[in-house]
Amino acid sequence: MALQFDRTIKAGDILTSITVMLSVIALVLSLAKDRATRVSDQANRVRAAAASTIVKLDRWQAVQLSMYQELQPSFVELSEELAKQYDVVAARDKFWRQVNLARTRVNKQVLDEQLATAYADIVTHFPTARTKVIGALAEISSVEQQSTEVFLAKAERAILDLKGKQATYQTPDLGNALREAATQSAQQLKIASDRVLNPVRTYLFGLIEMKDDAIVSAPAQ
């Protein structure tokens, strides 16, 4: 007896096939959506970490520069005290103490705000960023030290140059000289620290601007 195959296609079979196909498509789309969400979330975490690092580096710069602004009232105080008691050596010594106090305040603020560990947020995603940021912080710390030394030398010279000039001394003589020295050193620090920080900023902004897949699949850099 010859075997016979039922060549008819039933509506129920078609419906079942369509249902299975739609289920597979829905699963694939769901998995793709989940992956896209995970990739987007991971990429956004990297972007947030890079942005946080930039903010901390900018904050470090702002805190260091704030010292010169903080010292402005002391310039007025020193110039007025010198007019009352004309002792340039005492004025020089007090000026040094005020600068040292201001630097101590700045260093404490850097420590309190954890600005020296600006790389912490990004390092888990891009380990090499740690080297870049630490190198930049070390270099700008050296720049800050040099800027401060130049400022102290100029200010000290301005104070001691007033020795023997009591008869013609006016309070703006010292105040203006100290303000000029502070302005020059602040500008020098801003320019020099930007030179060091800008490559790191560019690197971090580059990470932020990368596409999601590029961030997630990028090798450690």
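The values are calculated or read from the model by the stated rules, or taken from the named source; none is laboratory data. None of these values were measured; they are calculated from a predicted model. Neighbour counts run over all protein chains shown; Cβ positions are idealised from the backbone, glycine included.
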Among what's in the stretch 161-173 and is in contact with a helix residue (DSSP H, G or I) (Cβ under 7 Å, 6 or more places away or on another chain) and either modelled with pLDDT of 95 or more or of a type in the set (S, T, Y) (or both), pick the residue that is farthest from Q98 (Cα to Cα). Y169
A129, sole failed condition from (1) aliphatic (A, V, I, L, M); (2) exposed (fewer than 12 other Cβ atoms within 10 Å of the Cβ); (3) in contact (Cβ under 8 Å) with a residue 60 or more places away in the chain: (2)
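For the stretch 111-122, which residues satisfy the criterion of being assigned to a helix (DSSP H, G or I) and surrounded by fewer than 19 Cβ atoms within 10 Å (Cβ to Cβ)?
Once the filter is applied, which keeps residues that are assigned to a helix (DSSP H, G or I) and surrounded by fewer than 19 Cβ atoms within 10 Å (Cβ to Cβ), the stretch 111-122 yields L111, D112, A116, T117, A120.
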In the stretch 147-179, residues that are in a helix (DSSP H, G or I) and surrounded by 14 or more Cβ atoms within 10 Å (Cβ to Cβ) total 18
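Quick grid of which residues meet (1) closer than 13 Å to L57 by Cα; (2) of a type outside the set (V, I, T):
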| residue | (1), (2) |
| --- | --- |
| N107 | no, yes |
| E113 | yes, yes |
| I122 | yes, no |
| I134 | yes, no |
| F151 | no, yes |
| K163 | no, yes |
| L204 | yes, yes |
Which one of A129, A182, A214 is more than 21 Å from Q42 (Cα to Cα) and assigned to a helix (DSSP H, G or I)? A182
What do you reckon, is G206 at positive phi and either exposed (fewer than 15 other Cβ atoms within 10 Å of the Cβ) or not in a helix (DSSP H, G or I) (or both)? no
Consider A32 carefully, then state whether it is more than 30 Å from V196 (Cα to Cα) and modelled with pLDDT under 95. yes
D87 under 25 Å from S141 (Cβ atoms), at pLDDT 85 or above and of a type in the set (D, E, K, R): no
Hey, any hits in the stretch 185-202 for a residue that's more than 28 Å from Q145 (Cα to Cα) and free of Cβ contacts under 8 Å to residues at least 60 places away in the same chain? no
Residue count, the stretch 90-122, condition over 20 Å from the mean Cα position of the chain (by Cα) and touching a residue at least 40 places away in the same chain (Cβ under 8 Å), comes to 5
